[in-house]
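The block underneath contains the structure these notes are about, expressed in structure tokens.
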Amino acid sequence: MKIKQMFLWQLLSSRVAFIIFFCIITALTTILTIVAAFVQDGGTFNMSAASIGVFFLFVAGCASFAENLHIAFGNGVSRRTHFLSFLLFAAFASALTAVLGVLIDMIPGLSPSTYTPFLSEAPGIQMLFFFTLNLGMMALGYFFAGAYYRMNKAAKIAVSIIIPVTAILCIVFIMNAATPAGPAFQPIPQFIQWMLHSLTNAALFWLLFALLFLVFGWLVTRRAGIRHQQAAG
Amino acid sequence: MIEVRNVTKKFRNVTALQGLNVSFGENRIYGLLGRNGAGKSTLLNLMTNRLVPTEGFLYMDGFPLTENDKALGKIACMGEDTLYEPSVRLRRIFEWTAIFYPGFDSAYASALAEKFGLDVRKKIGQLSTGYRSIFKLILTLASGAEYLLFDEPVLGLDANHRQLFYAELLARYSKRPCTVILSTHLIEEIANLIEHVVIIKNGRILLDRPSEEIQSMGFTVSGRKEAVEEWCAGKNILGSQEIGGLMLAHILGEHSGVPASLTVTPLDLQQLFIHLTNS
């Protein structure tokens, strides 16, 4: 198994992106904290770097399919090893981003006059929550990229229209689900309330979400082929 | 040894390979020939796990090849596709390849790049078709792998670079024997290099023989047109060429009773290929 090599390659190829991202977030948080402290107009400030990291890792997940798979193909690495190395890297990147995100989010706390914490739980719980959320988003990004890679042109066009429309409808539905609904939809607001009740509950949900999309990710990986012949198929 | 057993590969309505059986032994140079769409690239992609067979199995030294990192690590393949992002610099890819192939010879790769005039500071996206081929050739030659697979290795290369490639391939082969599989349409250029010929037609193996055997399948006679035409009458002629008053005829069968006025040379592989693969 060449998991170590694939993991090392992913570290080498993505380290610059991660360093730049964390430098920008740290710099922005620091500068905006100082600015907020000087303005002193009674406003509050929280950069929520950990939340921004979630979007970053979603993009990283999207970028982890085709390029990594081609590197694997070009260097005698099986799909299984490629996927396992992604899993390892996703866990590492999610943990790193969660820890650094929560730590960076502590910077505004140095100026208590303007700081209102976004999350009130202990840092350890926050890190666990963001770790599972990050992992879920990376898995989702990987699955999206993999599914898109496997599709033919017609399917890509159909999905490009159907998915955003469905997502918008789902968001509208969920936002309205908080209001009294018919018995068939009652579990949804109950579930959302359960999730919002504590970060541990939410972490559990995102962990299951990550596992589900990792399974989907493996399904799109296990028979993926080289791009031009894939397209021919 | 790489064994391909009853392999079928289908792409929706197209069957690229149909119940294919072929073996590639150790330390030999193979020529993998076939017309466009015959299934050569598909076979090479299956041998490198870049595609999954619809049916059948591939083995290396008796062990399954598909999804086997250890076996796949013994193969380096220069395929049609460029598997690296256009924004990556060549020297970076040399470094990455060394991670995956412990036998990768960086010094050799650099020396080859210099011989071919390839600037390793460039990005892949900045290379012309020819230099992209050269870059992939260098990666494969310097990989240190036991099986070197080349799919259209000289695509876009000028005559000088093609000659240099063949010379470097032979030098690598003699210095460190390995199995080489050359898939190309430039049959005349590799005819003297290859020890074994595999011809694919419509996804099936049409011919799988050592070069010596193929040469003994026929012969070429040349001489004055009238003399060649007279002697060849009634014989199994694969093809012929005329230049002025001279004629060259490729004939299937044993050469006996050829008059002294005609010159006999070994059978031309390209003529045999054209004859066998013409529909």
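The values are calculated or read from the model by the stated rules, or taken from the named source; none is laboratory data. The structure displayed is predicted, hence computed values, not measured ones. In this analysis, Cβ positions are derived from the backbone assuming ideal geometry, glycine residues included, and neighbour counts consider all displayed protein chains. Heads up: the accessible areas ignore ligands, DNA and RNA and are worked out on the full protein's heavy atoms, side chains in. Shrake-Rupley method; radii C 1.70, N 1.55, O 1.52, S 1.80 Å.
General observations
- Equivalent ellipsoid semi-axes - Cα gyration tensor, region B:216-277, angstrom: 17, 13, 10
- Against the main long axis of the alpha-carbon atoms of chain A, helix A:79-104 sits at an angle near 10°.
- Quotient of Cα Rg and 2.2 N^0.38 Å for the protein assembly as shown, N being how many residues it contains: 1.29
- Based on the Stokes-Einstein relation at 10 °C and a viscosity of 1.306 mPa s, and on the Kirkwood radius from alpha carbon pairs, chain B is assigned a translational diffusion coefficient of 78 µm²/s.
- Peptides B:129-136, B:140-147, A:9-16 ranked from most to least packed give B:140-147, B:129-136, A:9-16, packing being the mean of other C-beta atoms within 10 angstrom over each peptide's residues.
- Angle between chain A longest axis and helix A:49-63 axis [Cα atoms, degrees, rounded to 10]: 10 degrees
- Projecting the Cα atoms of B:V22, B:F94, B:T263 onto the charge dipole of chain B, computed from C-beta unit charges around the Cα centre, puts B:F94 farthest toward the positive end.
- For chain A, the solvent-accessible area with a 1.4 angstrom probe is 51 square angstrom per residue.
- Within-15-Å neighbourhood charge of B:E254 [Cβ basis; K, R +1; D, E -1]: -1
- As a fraction of the 1.4 Å probe accessible area of region B:216-277, surface on carbon and sulfur atoms comes out at 53 percent.
- Partner chain coverage, peptide A:62-75 - average Cβ within 10 angstrom: 5
- Cα-based Kirkwood hydrodynamic radius, region A:1-100, one decimal, Å: 15.3 Å
- Extension gain (nm, one decimal) between A:L169 and A:F55, 0.36 nm per residue minus Cα-Cα: 38.9 nm
- Overall dimensions of chain A, expressed as equivalent-ellipsoid semi-axes from the Cα gyration tensor (√(5λ), whole Å, largest first), are 34, 25, 16.
- Counting only protein heavy atoms and a 1.4 Å probe, region B:2-213 has 42 square angstrom of accessible area per residue.
- Local net charge near B:S183, Cβ-Cβ under 10 Å (Lys/Arg +1, Asp/Glu -1): -2
- Normalised contact order of chain A, rounded percent, pairs of Cα under 8 Å and 6 or more residues apart: 27 percent
- The portion of the accessible surface of chain A made up by carbon and sulfur, rounded to a whole percent, is 77 (1.4 Å probe; DNA, RNA and ligands excluded).
- Within the accessible area of region B:2-213, the carbon and sulfur atoms contribute 47%, probe 1.4 Å, all protein chains present.
- Potential lengthening of the chain between A:L88 and A:A17 amounts to 23.8 nm, from the contour at 0.36 nm per residue minus the alpha-carbon distance.
- Environment charge at A:W218 (Cβ cut-off 11 Å; Lys +1, Arg +1, Asp -1, Glu -1): +4
- Take the accessible area of chain A alone and of chain B alone, subtract that of the pair, and you get about 2700 Å² summed over both chains, using a 1.4 Å probe.
- Over chain B, relative contact order from alpha-carbon pairs under 8 Å, at least 6 apart, %: 20 percent
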